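Undergrad: Below is a structure I'd like to ask you about.
The values are calculated or read from the model by the stated rules, or taken from the named source; none is laboratory data. Quick caveat, the model's predicted, so the values are computed rather than measured. When we count neighbours, we look across all protein chains shown, and the Cβ atoms used for this are built from the backbone with ideal geometry, even at glycine. For accessibility, only protein heavy atoms count, side chains too; no ligands or nucleic acids. Shrake-Rupley method; radii C 1.70, N 1.55, O 1.52, S 1.80 Å.
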Amino acid sequence: MTALSAYIHVPFCAVRCGYCDFNTYTNAELGGGGSQAEYADNAMAEMDLTLAADRAAGYEYVEISTVFFGGGTPTLLPADDLVRMLDHLRSLVPLAPGAEVTTEANPDSVTRASLSRLADGGITRVSIGMQSAVPSVLATLDRTHDPERVPQVVQWAKEAGLQVSLDLIYGTPGETLADVETSVRAALACEVDHLSAYSLIIEGNTAMARQLRRGELEAPDPDDMADKYELVDDLAAAAGLSWYEVSNWARTPEHRSRHNLAYWRGGDWWGIGPGAHRHRDGLRAWNVKHPSRYARMLATGELPVADSEQVAAEDRLVERIMLELRIADGLSVDVVPAERRDMLAIHRDRGHLDPEALTAGRAVLTREGRLLADAVIRDLVP
Amino acid sequence: MPVTPRIAADEALDIQPASTPQERLRNFCIIAHIDHGKSTLADRMLQITGIVEERAMRAQYLDRMDIERERGITVKSQAVRMPWQVDGVDYALNMIDTPGHVDFTYEVSRSLAACEGAILLVDAAQGIEAQTLANLYLAMEHDLTIIPVLNKIDLPGAEPEKYAAEIGQLVGVDPEEVLRVSGKTGVGVPELLDHVVRTLPAPEGQVEAPCRAMIFDSVYDTYRGVVTYVRVVDGFLRSRDRIDMMSTGAHHELLEIGVSSPEPHPTQGIGPGEVGYLITGVKDVRQSKVGDTITTSVRGAEEPLAGYADPKPMVYSGLFPIDGSDYPILRDALDKLKLNDAALVYEPETSTALGFGFRVGFLGLLHLEIVRERLEREFDLDLISTAPSVVYDVVMEDGTEVEVLNPSDFPEGKVHSIAEPVARATILVPSEFIGAVMELCQSKRGNLGGMDYLSEDRVELRYTLPLAEIVFDFFDQLKSKTRGYASLDYDVSGSQTADLVKVDILLQGEPVDAFSAIVHRDKAYSYGVDMSGKLKNLIPRQQFEVPIQAAIGSRIIARENIRAMRKDVLSKCYGGDISRKRKLLEKQKEGKKRMKNIGSVEVPQEAFIAALSSDAAEPSKDEKKKK
């Protein structure tokens, strides 16, 4: 059977950041069994139900190749809770040898001791939300950590034997090109093997969007975003990290996030936790968002699914093109529908697709093309 | 003001239709500017003569169409027969309502031709306006007896002395002879009706001659077909007659003949000097044309009355449905409007930018506005219209002549000369704005024909201007340069050759037909710069750089660049984002389908619409009302 991945969503944060539209809650005491303290037990109950549901549908997984604790802020939970969930998961489906087990972390939600406990408990990789090294930018993003703490945390993680990735956000209102350079250089100075950098997206239902509407913040400019992206890419490349997905860079192929690659390559994964999405062979399902409702459904022995869709064959093709084109391995040109294939040469001539790769039968974005990935995708899907 | 009618309509047995002697008839119209109170005065007359009871009075009874009512414009004239007694003698008065706008000059002239006299109605607070002046001159050319009247004398801002002097001078009477009324309260209206009887000549048709009746209006009615309004000049029309249209020789049965007072009253016939309506069962006003002469099929007249002319469209514009699937609805709607509008002409037009639509010819800008508004309102259509254009006569080097109704049909090849229509314009302004108006007219290639002071501080300026300059944005500019005080009238008269060129707007080398324009060579550059600048701001960035050029033939005269889009990517796409992102992609693709492709450039239709509608060529409705 196919390899399985598991995503475990921890919907708690100490502070909600102004740009964040994720499913997360800052109040640890939620009613109906949805509190932070009861979370691990709830998640484990959901794992049991998920396994039973898969078996009933005829899906049996031999092993789990990647696990990812995301949030929210997973490290807001005691390290023991994360380890307990991981242990329960592997008791249901064994972890593959060398499995990648990542947790997201905020610089101020981990300590030397907690990182060491996580490593001992089977976590192999930590993805740290650094976002920026510039205090004014961090303040606009509502991030509370001291930028000086990041190198320290990276050092502790490395000492504990963890692989480390740093997350950056560029394009925050008020951020200059020089600020981006400062942040990227600070991240690279930590000698990490993996870097993610996202342009700030201001979603409509966030505090930052309201500030934008009131004119308190300046709207992001796409050309400025493009300049910043290119700067990140240049600096990462100079430090020996090359892109392997539009927003991700790694020192070697072994340092790429295998969990995320599973998403992009159409793998199956469990989605555990409030609001989490799962995928099984074209079936996409997502959980109810509120932790209390989530807990109440689990208490009655019901899978806490809000809704699901069986992705039609043509849409699966759309998803495949949309996801595989974003990664450095690119997309086999055979996947592109015949009536769309003439667009490949057009995008090559416009400088969006790598000519050599195309000759070899793969559509691989150039750097210019990465910045216009959605436009290229729209031209290639049926 | 309650006034007892001097005779009840049903008691006036000696002035029945078809048996009223001509000396007991008076036919008149009212010449007035849009908001000077013509309809209110007419309503008051209906009430005072007793043909409409007070409680049945609908404000502005005679203006039937909604648009007219809202804009205060009378588009379609009708005739009302009213009884009135002076010195114990009964008279039948026919009030013929005239269209008030410049675009309908021909219809106005036919209404005037149906009358012996005209009431010149002027707002006592505003004085005479250019269009009223133009219609007054027209009435004088028809040898009509003019009764000058100041209206709204009850208004606080009224200056009756000042304006009585002004119109007294125009009409050639002493200021004391200018009557003063209030259509609103009724003050002075009975005296005005007395004056109509005493001063207007009675009709002098030949009673025994073969019948000749002039059509001065023709209206399509859903239930009855075309209702034709006529003035009988000679002889009689009787309900049993078969009639002929003299311009075409077509025969029609008379299904009904009668008079309006103001509701239709069928009669046995109408006699010399009388005004009435007739119904023949035809379904299209083109079969019953304004200005045509009607005679009886048996013992008919040999010679038609003078003055017949076919309406000629002066301004053309492309009308396109914003939703392409509305095209059949637009076609049906135009077919319906045509039944009631003999001046409306159209043929299908296909535009790369705007899709399928029609090239429509209009009498003028107001006609365009009215038609467009009726299409939108009565047929629930959303439309975009291209910049109005006039008719050019292009002579090629090889001697072939081409009539160009649409700039995108401008012929290729060497042009010998281009002739454009010119208009005689009359502009009335307070004297402080003379300089501003002259400057404007100069910049619009105008030639000053003359200038007269109507009063100490009001001036009449007469210009010859290219019609194309007037239909472009002249009126808006005139209003803004005179703080809204100027009034304008124009009348197309002849043509002139001019140094005109066709300017194309190119997107990445491909012409965008909807933006081609024929302009004077001196204006070509500024048109090109304006239009390319406008499109630069409206067209979204593409994956590649897009040049926007303005060109005369192959010569580029202006250029803008839309820089290539650099970023179009969602930076995060993880497990939970996939469904949402796929749906977003599908939505974007749907949006892409609605784009128009000019070469490889994708342009949302909204961009074309915005570029056309932000055009200064369309005066806003508020401004038009003030006119």
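Undergrad: Residues being within 22 Å of residue B:18 (Cβ to Cβ), of a type in the set (Val, Ile, Thr) and open to solvent by 10 Å² or more (accessible area, probe 1.4 Å): count how many of those fall in segment B:278-297.
TA: Qualifying residue count, segment B:278-297: 2.
Undergrad: Would you be able to tell me the number of residues in segment B:227-265 that are within 27 Å of residue B:51 (Cα to Cα), among the hydroxyl-bearing types (Ser, Thr, Tyr) and assigned to a loop (DSSP other than H, G, I, E, B)?
TA: Final tally of qualifying residues: 2.
Undergrad: Where the second residue is surrounded by fewer than 17 Cβ atoms within 10 Å (Cβ to Cβ) and hydrophobic (A, V, I, L, M, F, W, C) and the first is more than 14 Å from every other protein chain (Cβ to nearest Cβ) and lies in segment A:207-236, which pairs have Cβ atoms under 7 Å and are six or more apart or on separate chains?
TA: Close Cβ pairs (under 7 Å, with a partner that is surrounded by fewer than 17 Cβ atoms within 10 Å (Cβ to Cβ) and hydrophobic (A, V, I, L, M, F, W, C)) amount to A:212/A:219.
Undergrad: Determine whether residue B:357 is assigned to a loop (DSSP other than H, G, I, E, B) and over 17 Å from residue B:471 (Cβ atoms).
TA: Against the criterion (assigned to a loop (DSSP other than H, G, I, E, B) and over 17 Å from residue B:471 (Cβ atoms)), residue B:357 does not qualify.
Undergrad: For segment A:263-273, state whether one or more residues are away from chain B (no Cβ under 11 Å) and more than 17 Å from residue A:171 (Cβ to Cβ).
TA: yes
Undergrad: Hey, among A:143, A:112, which residue is farther than 24 Å from residue A:241 by Cα and in contact with a Phe, Trp or Tyr (Cβ under 6 Å, 6 or more places away or on another chain)?
TA: The match here is A:112.
Undergrad: Provide a single number: the residues in segment B:163-217 that are part of a loop (DSSP other than H, G, I, E, B), open to solvent by 10 Å² or more (accessible area, probe 1.4 Å) and among the small types (Gly, Ala, Ser).
TA: 5
Undergrad: Can you name every residue in segment B:592-602 that is more than 10 Å from chain A (Cβ to nearest Cβ), outside any loop (DSSP other than H, G, I, E, B) and open to solvent by less than 70 Å² (accessible area, probe 1.4 Å)?
TA: Passing the criteria: B:595, B:596, B:598, B:601, B:602.
Undergrad: State all residues of segment B:91-125 that are modelled with pLDDT under 90, of a type outside the set (Phe, Trp, Tyr) and farther than 30 Å from residue B:15 by Cβ; if no residue qualifies, say none.
TA: Selection gives B:101, B:102, B:103, B:105.
Undergrad: Another question, then. Looking at segment A:178-199 only, could you name the residues that are open to solvent by less than 10 Å² (accessible area, probe 1.4 Å) and either within 13 Å of chain B (Cβ to nearest Cβ) or in contact with a Phe, Trp or Tyr (Cβ under 9 Å, 6 or more places away or on another chain) (or both)?
TA: A:180, A:183, A:184, A:194, A:195, A:196, A:197, A:199
Undergrad: Here's another thing I want to ask about it. Which is surrounded by fewer than 19 Cβ atoms within 10 Å (Cβ to Cβ) and not in a helix (DSSP H, G or I), of B:419, B:436, B:387?
TA: B:419 is the lone residue from the list that is surrounded by fewer than 19 Cβ atoms within 10 Å (Cβ to Cβ) and not in a helix (DSSP H, G or I).
Undergrad: Please specify each residue of segment A:140-166 satisfying the condition of being open to solvent by less than 20 Å² (accessible area, probe 1.4 Å) and either within 21 Å of residue A:232 (Cα to Cα) or part of a loop (DSSP other than H, G, I, E, B) (or both).
TA: Across segment A:140-166, the qualifying residues are A:141, A:145, A:150, A:154, A:162, A:164, A:165, A:166.
Undergrad: Quick one: which residue in B:374, B:445 is on the phi > 0 side of the Ramachandran plot, touching a residue at least 60 places away in the same chain (Cβ under 8 Å) and not in a strand (DSSP E or B)?
TA: B:445
Quick grid of which residues meet (1) among the polar types (S, T, N, Q); (2) in contact (Cβ under 8 Å) with a residue 60 or more places away in the chain; (3) open to solvent by 40 Å² or more (accessible area, probe 1.4 Å):
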| position | (1), (2), (3) |
| --- | --- |
| B:110 | no, yes, no |
| B:135 | yes, yes, no |
| B:151 | yes, yes, no |
| B:154 | no, no, yes |
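Undergrad: Restricting attention to segment A:305-356, and to residues there that are more than 19 Å from residue A:244 (Cβ to Cβ) and of a type in the set (Gly, Ala, Ser), which single residue is farthest from the other protein chains (Cβ to nearest Cβ)?
TA: A:338
Undergrad: Additional query: I need the full set of residues from segment A:4-40 which are within 19 Å of residue B:576 (Cα to Cα) and either outside any strand (DSSP E or B) or more than 14 Å from chain B (Cβ to nearest Cβ) (or both), in order please.
TA: Selection gives A:11, A:12, A:13, A:19, A:20, A:21, A:22, A:23, A:24, A:25.
Undergrad: Quick test for you: out of A:48, A:87, A:54, pick the one residue that is of a type in the set (Asp, Glu), open to solvent by less than 20 Å² (accessible area, probe 1.4 Å) and more than 14 Å from chain B (Cβ to nearest Cβ).
TA: Step by step, each of A:48, A:87, A:54 is checked, and only A:54 is of a type in the set (Asp, Glu), open to solvent by less than 20 Å² (accessible area, probe 1.4 Å) and more than 14 Å from chain B (Cβ to nearest Cβ).
Undergrad: Looking at segment A:325-382, which of the residues that are of a type in the set (Ser, Thr, Tyr) and free of Cβ contacts under 8 Å to residues at least 24 places away in the same chain is farthest from residue B:583 (Cα to Cα)?
TA: Filtering first and then ranking leaves A:359.
Undergrad: Hey, another quick one. Please work out which residue is surrounded by the fewest Cβ atoms within 10 Å (Cβ to Cβ), limiting yourself to segment A:94-127 and to residues that are part of a helix (DSSP H, G or I) and among the aliphatic types (A, V, I, L, M).
TA: Across segment A:94-127, the extreme among qualifying residues is A:113.
Undergrad: If you don't mind, another one. State whether one or more residues within segment B:146-156 are over 16 Å from residue B:195 (Cα atoms) and part of a helix (DSSP H, G or I).
TA: Looking through segment B:146-156, none of the residues is over 16 Å from residue B:195 (Cα atoms) and part of a helix (DSSP H, G or I).
Undergrad: Mind checking whether some residue in segment A:45-57 is within 30 Å of residue A:173 (Cα to Cα) and free of Cβ contacts under 8 Å to residues at least 60 places away in the same chain?
TA: Looking for residues that are within 30 Å of residue A:173 (Cα to Cα) and free of Cβ contacts under 8 Å to residues at least 60 places away in the same chain, one finds none in segment A:45-57, hence no.
Undergrad: Out of everything in segment A:274-295 that is within 15 Å of the chain's Cα centre (by Cα) and farther than 16 Å from residue A:57 by Cβ, what residue ends up being most open to solvent (accessible area, probe 1.4 Å)?
TA: Applying the filter and picking the extreme gives A:277.
Undergrad: Which residues, counting only those in segment A:357-369, are within 14 Å of chain B (Cβ to nearest Cβ) and surrounded by fewer than 19 Cβ atoms within 10 Å (Cβ to Cβ)?
TA: Correct list: A:366, A:367, A:368.
Undergrad: Of the residues B:516, B:579, which is within 14 Å of another protein chain (Cβ to nearest Cβ) and of a type in the set (Gly, Ala, Ser)?
TA: Result: B:579 is the single residue among B:516, B:579 that is within 14 Å of another protein chain (Cβ to nearest Cβ) and of a type in the set (Gly, Ala, Ser).
Undergrad: Select from segment B:512-532 the residues that are outside any loop (DSSP other than H, G, I, E, B) and either open to solvent by less than 50 Å² (accessible area, probe 1.4 Å) or at pLDDT below 90 (or both) and list them in ascending order.
TA: Result: B:513, B:514, B:515, B:517, B:518, B:519, B:520, B:524, B:527, B:528, B:531, B:532.
Undergrad: Considering every residue within segment A:81-91, establish whether at least one is in a helix (DSSP H, G or I) and at pLDDT below 95.
TA: no
Undergrad: For the structure I just gave you, tell me whether residue B:472 is surrounded by 21 or more Cβ atoms within 10 Å (Cβ to Cβ) and not basic (Lys, Arg).
TA: In short, yes.
Undergrad: Quick check on my filter: what residues within segment B:69-87 are assigned to a strand (DSSP E or B) and at pLDDT below 90?
TA: Answer for segment B:69-87, where residues must be assigned to a strand (DSSP E or B) and at pLDDT below 90: just B:79.
Undergrad: Taking segment B:548-569, which residues are facing chain A (nearest Cβ under 8 Å) and crowded, with 20+ Cβ neighbours inside 10 Å?
TA: Within segment B:548-569, B:567, B:569 qualify.
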